[in-house]
Amino acid sequence: MRDNAPNSWESRAETYSFYGFTDLPTIHKRGTVVLTHGEGPYVIDVHGRRYLDANAGLWNMVAGFDHPELAAAAKAQYDRFPGYHAFFGRMSDQTVMLSEKLIEVSPFERGKVFYTNSGSEANDTLVKMLWFLGISEGQPQRRKILTRINGYHGVTVVSASMTGKPYNAVFGLPLDGFLHLGCPHYWRFGTEGESEEQFTARLAQELEDVIAREGADTIAAFVAEPVMGAGGVIPPSKGYFQAIQPILKKHGIPLIADEVITGFGRTGEMWGSVTYDFMPDAIISSKALTAGYFPMGAVILGPDLSDRLQAASEEIEEFPHGFTASGHPVGCAIALKSIELIETGLLDQARALIPQFEAGLAHLAQMDNIGEARGKGLMGALEAVKDKATKTPFDGSLSVSERIANTCTDHGLICRPLGQAIVLCPAFVMTPAQMEEMFARLESALKQVFAEVA
Ligand SMILES: Cc1ncc(COP(=O)(O)O)c(C=O)c1O
């Protein structure tokens with residue numbers, strides 16, 4: 001299967017690159033897929049094999065892999081002004097225009113934007129902002145961050161502490177003061193005889209209890225993805241945000257929407273918080289912000305937090321934080337183009353695909369070994385189970401979702417295993433025919449693997 005010659009791409013990749021989030025025994029056996037370029041939603045490897053990427057890279061390449069206008073925007077900006085920072089009272093004109101645009105397209109009537117290079121850094125930046133605010137407002141104890149089990153917020157020390165996944169124990173994380181509340185996945189965590197409304201009420205009560213136990217004035221924020229992404233594509237249970245937002249408001253705790261995946265159309269609206277009808281105090285953005293054509297993240301602050309941070313910063317003269325490439329002019333020019341494309345066509349394209357996407361998921365959900373099909377907009381997951389009636393998962397040693405993903409790769413389809421689920425998150429530029437191809441390839445891979453393991 002893999003080319004073992006020492007000068008093969010596979011061997012060179014493995015000899016010199018240190019891999020993250022990669023199952024190393026599988027890579028030793030199968031070899032790395034080394035890619036050279038993309039065409040629309042397809043990527044092509046060094047051997048000329050084509051793969052339909054059902055995950056749009058890592059949820060981000062919404063405009064596909066060869067959008068000429070994004071490449072042209074990058075080229076034009078590289079020719080004009082290839083790089084600058086946003087320190088010491090200087091920033092590029094592109095940065096000014098992007099902040100203006102982001103506030104315009106945000107749910108906020110006004111606000112301010114701070115740039116990073118990634119979603120993880122945006123979450124770290126947010127936490128530093130809140131800690132800074134606590135200290136400057138005479139509440140230095142207000143430092144705790146509430147997130148949820150299975151929430152994913154990144155990999156830097158703070159954002160990994162926010163992430164509610166057990167694998168961070170290998171780093172001795174989370175840090176103290178990062179508390180993970182219940183995951184709003186009714187299908188998996190609802191108890192016998194509990195209605196979805198009762199389940200939501202139970203999570204809201206848990207939040208009340210945690211606030212009472214910890215003290216409201218020790219909590220800096222509650223941070224949540226509108227739809228959990230890397231936790232397995234988990235939409236909130238019915239009425240979830242409507243139940244928790246008033247509790248947070250009552251206790252003066254900001255609600256932050258981590259829209260790194262859900263921002264810019266993924267759920268069918270510009271923002272996941274719009275889809276789920278709640279108003280956050282700030283939004284964390286990345287990924288589709290530049291359609292994946294530049295590493296960039298942003299903290300988009302609503303009116304209250306931006307006013308308070310501005311006041312606190314003025315008091316000590318500055319907010320001592322920033323990255324060399326914060327607000328990079330090329331990234332900002334690409335983001336401006338990406339938002340223009342989303343506003344003038346890509347979002348409509350995504351919306352038009354949603355019924356076919358939902359129908360495809362619903363069709364596969366009929367299989368005996370698919371326990372749940374879930375998702376929102378153009379993000380979805382299929383949960384593999386050994387027993388549909390009891391929701392019993394397959395034995396972990398079978399690595400079912402990895403097998404499915406590997407079988408898909410062999411059939412020219414890239415999709416991602418997450419726990420025992422398979423995740424789909426197509427580019428908005430996928431045509432209906434390509435989406436049909438995606439589901440057909442996935443169905444044949446599922447049939448093959450379930451025949452092997454069931
Ligand atoms: C919701 C969410 N927040 C934060 C991050 C971290 O972003 P990055 O990988 O750019 O650091 C991710 C990445 O997948 C994410 O899905």
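The values are calculated or read from the model by the stated rules, or taken from the named source; none is laboratory data. Nothing here was measured: the structure is a model prediction, and the numbers come from that model. Cβ: placed from backbone, ideal geometry, glycine included. Neighbour counts: every protein chain shown.
Looking at the stretch 404-444 only, could you name the residues that are modelled with pLDDT of 95 or more and either among the basic types (Lys, Arg) or touching a His at 6+ places or on another chain (Cβ under 6 Å) (or both)?
Matches in the stretch 404-444: Arg441 only.
Any idea which of (1) surrounded by fewer than 20 Cβ atoms within 10 Å (Cβ to Cβ); (2) within 16 Å of the ligand (Cβ to nearest atom) is the one Val33 doesn't satisfy?
(2)
Sort out which residues of the stretch 253-274 are part of a loop (DSSP other than H, G, I, E, B) and either touching an Asp or Glu at 6+ places or on another chain (Cβ under 8 Å) or of a type in the set (A, V, I, L, M, F, W, C) (or both), and write them in order of number.
Ile253, Pro254, Glu259, Val260, Ile261, Thr262, Phe264, Met270, Trp271
Are any residues in the stretch 212-236 within 16 Å of the ligand (Cβ to nearest atom), over 22 Å from Val158 (Cβ atoms) and of a type outside the set (A, V, I, L, M, F, W, C), and if so, which ones?
Within the stretch 212-236, Gly232, Pro235, Pro236 meet the criteria.
Taking the conditions exactly as written (part of a helix (DSSP H, G or I), farther than 24 Å from Ser273 by Cα and away from the ligand (no atom under 12 Å from the Cβ)), does Gly138 satisfy them or not?
Against the criterion (part of a helix (DSSP H, G or I), farther than 24 Å from Ser273 by Cα and away from the ligand (no atom under 12 Å from the Cβ)), Gly138 does not qualify.
Would you point out which residue out of Gly263, Gly252, Gly239 is within 14 Å of the ligand (Cβ to nearest atom), modelled with pLDDT of 95 or more and either of a type outside the set (D, E, K, R) or surrounded by fewer than 23 Cβ atoms within 10 Å (Cβ to Cβ) (or both)?
When all the criteria are applied, what remains is Gly263.
Looking only at residues in the stretch 177-235 that are in a loop (DSSP other than H, G, I, E, B) and among the acidic types (Asp, Glu), which one is surrounded by the fewest Cβ atoms within 10 Å (Cβ to Cβ)?
It comes out as Glu192.
Go through the stretch 401-448 residue by residue and tally those that are in a helix (DSSP H, G or I) and out of contact with any strand residue (DSSP E or B) (no Cβ under 8 Å at 6 or more places or on another chain).
Residues meeting the conditions: 14.
State whether one or more residues within the stretch 89-100 are surrounded by 13 or more Cβ atoms within 10 Å (Cβ to Cβ), touching a Pro at 6+ places or on another chain (Cβ under 7 Å) and closer than 30 Å to Ile211 by Cβ.
no
For the stretch 145-161, how many residues meet the condition of being in contact with a helix residue (DSSP H, G or I) (Cβ under 7 Å, 6 or more places away or on another chain) and in a helix (DSSP H, G or I)?
Final tally of qualifying residues: 3.
Filter the stretch 366-399 for residues that are surrounded by 14 or more Cβ atoms within 10 Å (Cβ to Cβ) and either polar (S, T, N, Q) or assigned by TED's automatic domain parsing to the domain that holds Arg188 (or both); which is nearest to the chain's Cα centre (by Cα)?
Looking at the filtered set, the residue picked out is Ser399.
Could you check, for the stretch 49-64, whether at least one of its residues is at positive phi, modelled with pLDDT of 95 or more and aliphatic (A, V, I, L, M)?
yes
What number goes with the only condition from (1) away from the ligand (no atom under 16 Å from the Cβ); (2) out of contact with any strand residue (DSSP E or B) (no Cβ under 7 Å at 6 or more places or on another chain) that Ser99 does not pass?
In the conditions (1) away from the ligand (no atom under 16 Å from the Cβ); (2) out of contact with any strand residue (DSSP E or B) (no Cβ under 7 Å at 6 or more places or on another chain), Ser99 misses (2) alone.
Could you identify the single residue in Ser326, Ser338, Ser306, Ser313 that is over 27 Å from Leu424 (Cα atoms), within 23 Å of the chain's Cα centre (by Cα) and either modelled with pLDDT under 95 or more than 13 Å from the ligand (Cβ to nearest atom) (or both)?
Checking each option against the conditions leaves just Ser326.
Whether any residue in the stretch 392-400 is touching a Lys or Arg at 6+ places or on another chain (Cβ under 9 Å), touching a residue at least 60 places away in the same chain (Cβ under 8 Å) and not in a helix (DSSP H, G or I) is what I want to check.
No; the residues of the stretch 392-400 include none that is touching a Lys or Arg at 6+ places or on another chain (Cβ under 9 Å), touching a residue at least 60 places away in the same chain (Cβ under 8 Å) and not in a helix (DSSP H, G or I).
Let me spell it out: the conditions are (1) within 16 Å of the ligand (Cβ to nearest atom); (2) surrounded by fewer than 17 Cβ atoms within 10 Å (Cβ to Cβ); (3) not aliphatic (A, V, I, L, M), and Pro280 meets all of them except one. Which number is the exception?
Result: Pro280 passes all but (2).
How many of the residues making up the stretch 69-108 are hydrophobic (A, V, I, L, M, F, W, C) and under 15 Å from Ser338 (Cβ atoms)?
So the answer is 10.
Of Lys75, Lys144, Lys128, Lys112, which residue is among the charged types (D, E, K, R) and within 16 Å of the ligand (Cβ to nearest atom)?
Result: Lys128 is the single residue among Lys75, Lys144, Lys128, Lys112 that is among the charged types (D, E, K, R) and within 16 Å of the ligand (Cβ to nearest atom).
If we keep just the residues of the stretch 162-172 that are within 15 Å of the ligand (Cβ to nearest atom) and assigned to a loop (DSSP other than H, G, I, E, B), which is surrounded by the most Cβ atoms within 10 Å (Cβ to Cβ)?
Thr163
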